[in-house]
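The values are calculated or read from the model by the stated rules, or taken from the named source; none is laboratory data. Because the structure is predicted, anything quoted here is derived from the model rather than measured. As a convention, Cβ positions derive from the backbone with ideal geometry for all residues, glycine included, and neighbour counts pool all protein chains shown.
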């Protein structure tokens, strides 16, 4: 999680990705709709491009102008941004400037579902398994054996 937040967790990065997801692919549109200073958006786009989240495509020669598109890695952030939006609508605001509607005709009400069994996932159904021998569930390990797995949620 820390590695992901280091790359995309900054406010302007997430809002830049949001704008591209909404179809605003030109620099001026992104800068206008995020409200960020132009130099910040330029820096975030360069960082996201270097990380393989965004790609830049030229659409005009003279002067050279570019549009920004999400790569597969960037498109995989869509449910993350949708979850943040839904959380914000519920806990951080009183109005809802945008509502997501599924093609079934109903407002989006997503569920996290296991692809193997099809059941909805709840915190108490998950188990943490540390994969790095230098870490335990308590944090970095200093010369000791990593902690055993444990259930994530409460029963």
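Worth a mention:
- Filter result for residue 90 (surrounded by fewer than 11 Cβ atoms within 10 Å (Cβ to Cβ), touching a helix residue (DSSP H, G or I) at 6+ places or on another chain (Cβ under 7 Å) and modelled with pLDDT under 95): no
- A Cβ distance below 7 Å, combined with a sequence gap of six or more or placement on separate chains, defines the contacts here; from segment 81-101, residues that are touching a residue at least 40 places away in the same chain (Cβ under 8 Å) reach residues that are part of a helix (DSSP H, G or I) and surrounded by 10 or more Cβ atoms within 10 Å (Cβ to Cβ) in the pairs 81/14; 81/17; 81/18; 81/21.
- When segment 111-155 is filtered for residues that are touching a helix residue (DSSP H, G or I) at 6+ places or on another chain (Cβ under 8 Å), under 30 Å from residue 100 (Cβ atoms) and at pLDDT below 90, the ones remaining, listed by number, are 152, 153, 154.
- One residue alone among 48, 77 is surrounded by 15 or more Cβ atoms within 10 Å (Cβ to Cβ) and without any contact (Cβ under 8 Å) to a residue 60 or more places away in the chain, and that residue is 48.
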